[in-house]
1. Could we say that Arg89 is free of Cβ contacts under 8 Å to residues at least 60 places away in the same chain, buried (at least 17 other Cβ atoms within 10 Å of the Cβ) and closer than 24 Å to Ile118 by Cβ here?
2. Please go through the range 159-190 and give me each residue that is surrounded by fewer than 19 Cβ atoms within 10 Å (Cβ to Cβ) and either among the aliphatic types (A, V, I, L, M) or touching a strand residue (DSSP E or B) at 6+ places or on another chain (Cβ under 8 Å) (or both), ordered by number.
3. Take the range 294-334 and flag every residue that is of a type in the set (A, V, I, L, M), touching a residue at least 40 places away in the same chain (Cβ under 8 Å) and part of a helix (DSSP H, G or I).
4. Test Ile211 against the stated conditions and say whether it is part of a strand (DSSP E or B) and in contact with a Cys (Cβ under 7 Å, 6 or more places away or on another chain).
5. If I go through the range 214-264 residue by residue, how many of them are more than 21 Å from Pro275 (Cβ to Cβ), part of a loop (DSSP other than H, G, I, E, B) and not hydrophobic (A, V, I, L, M, F, W, C)?
6. Across the range 273-329, which residue is surrounded by the most Cβ atoms within 10 Å (Cβ to Cβ) among those that are acidic (Asp, Glu) and closer than 24 Å to Ser114 by Cβ?
7. If you take the residues of the range 153-168 that are assigned to a loop (DSSP other than H, G, I, E, B) and either under 25 Å from Met261 (Cβ atoms) or of a type in the set (Val, Ile, Thr) (or both), which of them is modelled with the lowest pLDDT?
Amino acid sequence: MSRYVISGYYGFDNAGDEAILQAIIDSLHQEDKEAEITVFSAQPRLTADQHQVRAVHRTNLGAIVAALRRADLFISGGGGLLQDATSSRSLLYYLGLLTLARWLGCKTMVYANSIGPISRPRNKRLAQRVLENVDCITVRDGLSLQLLDDLEVQRPPRLLTADPVLLLEPEPVTPQEKVIVVAVREWPSQHDYLRQVVLACQRLVQDGFQIVLIPFHYKRDLVVSQRLAEAIGPGASCSAQPQNSRELLRDLAQAQVVVAMRLHALIMGAICQRPLVGISYDPKVDGFLQTVGQPLAGSTADLKAERLYQLVRDAYERREEITQSLATSLQELRALAKENAAIAYALAAGKIR
């Protein structure tokens, strides 16, 4: 039996990150039937109940040290953890845990991360020093590999894999005619990109489409999603209840096209083999869309309603062709996603030194 500790953005009611955690746990158990897993969470009781794992509070230093002393492998697990776009504090927290785990004699793995953006020179130097000393790094997009090169991180093995959420299995659902799912978030911008989303959706409603807004990070996205549904008017609705990953997959599978800013709305849409149209606020969105060959309508700095409208119409008209293309991409990506847990198990079991 191996003992794993997983850290990430867990316990914050973000459906995408909770899906990452569930996929990592499932994958580890497939590789290591007797795996003992502890998660650092903002809501440890909730995380323990939802995911059937041990959990300690992500800021309880005593509990963190105790968990790491017992662990065979520390996993900095999934998502865009190593970046300073939101704040330097977040980057320092995750780099600090990697450093602490090393000090306590625990092997360390950066597991299917998106790396960056890291803008501040001091943060770049610190990230380079810490990442040089982990045991293995896997990333979920080519842009992250390039950033590791830019940071001159050379020593540990670095592998391009794929997001663990790609391993979740959706239930078979028949899409509803002319339903479009939209997942947005607020992001600082001088450009009123949300107004552009409203204008494009109003035209789609005039064409007979139904717009369903889904708040992926429930506490943060609900108000803006409700506001957009109201601005779009009749023909638009907003899902008003928090949902787990299975429920989100079901709702996304009912769509003909998925329009999203949230990365895991795009990933889950891809799992359901639905055409995607992305709106970028972070390079991780661009990276995933490039990987699956799906279009980017624009970013929070330059989105135009006309382009978004035309891309959605094109995706709808070509949905059968796009579904086949996504099915092919998914086969390759799922194989890559499985490599993350295989590497983690080998590290924990001492098969990689």
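The values are calculated or read from the model by the stated rules, or taken from the named source; none is laboratory data. Worth saying up front: this structure is predicted, and the values here are computed from it rather than measured. Because the Cβ atoms are built from the backbone with ideal geometry, glycine has one as well, and the counts that use them run over all protein chains shown.
1. On the way: free of Cβ contacts under 8 Å to residues at least 60 places away in the same chain: yes; buried (at least 17 other Cβ atoms within 10 Å of the Cβ): no; closer than 24 Å to Ile118 by Cβ: yes.
No: the conditions fail for Arg89.
2. Filtering the range 159-190 for residues surrounded by fewer than 19 Cβ atoms within 10 Å (Cβ to Cβ) gives 159-160, 169-179, 186-190.
Result: Leu159, Leu160, Val173, Gln176, Lys178, Val179.
3. Ala305, Leu308, Val312, Ala315, Ile322, Leu326, Ala327, Leu330, Leu333, listed by residue number.
4. Details: part of a strand (DSSP E or B): yes; in contact with a Cys (Cβ under 7 Å, 6 or more places away or on another chain): yes.
It is true that Ile211 is part of a strand (DSSP E or B) and in contact with a Cys (Cβ under 7 Å, 6 or more places away or on another chain).
5. Count: 7.
6. Narrowing the range 273-329 to residues acidic (Asp, Glu): 282, 286, 302, 306, 314, 317, 320-321.
Among the residues that remain, those that are also closer than 24 Å to Ser114 by Cβ are: 282, 286, 302.
Numbers: Asp282: 19, Asp286: 16, Asp302: 13.
Of everything passing the filter in the range 273-329, Asp282 is surrounded by the most Cβ atoms within 10 Å (Cβ to Cβ).
7. Of the range 153-168, the ones assigned to a loop (DSSP other than H, G, I, E, B) are 153-157, 161-163, 168.
Those left that are additionally either under 25 Å from Met261 (Cβ atoms) or of a type in the set (Val, Ile, Thr) (or both): 153, 161-163, 168.
Numbers: Val153: 95, Thr161: 95, Ala162: 94, Asp163: 94, Leu168: 91.
Only one residue tops the list, namely Leu168.
To keep it simple, each residue is scored yes or no on (1) touching a Pro at 6+ places or on another chain (Cβ under 9 Å); (2) free of Cβ contacts under 8 Å to residues at least 12 places away in the same chain.
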site: Asp163; (1), (2): no, no
site: Val173; (1), (2): no, no
site: Lys178; (1), (2): no, no
site: Ala183; (1), (2): yes, no
site: Trp187; (1), (2): no, no
site: Asp192; (1), (2): no, yes
site: Val198; (1), (2): no, no
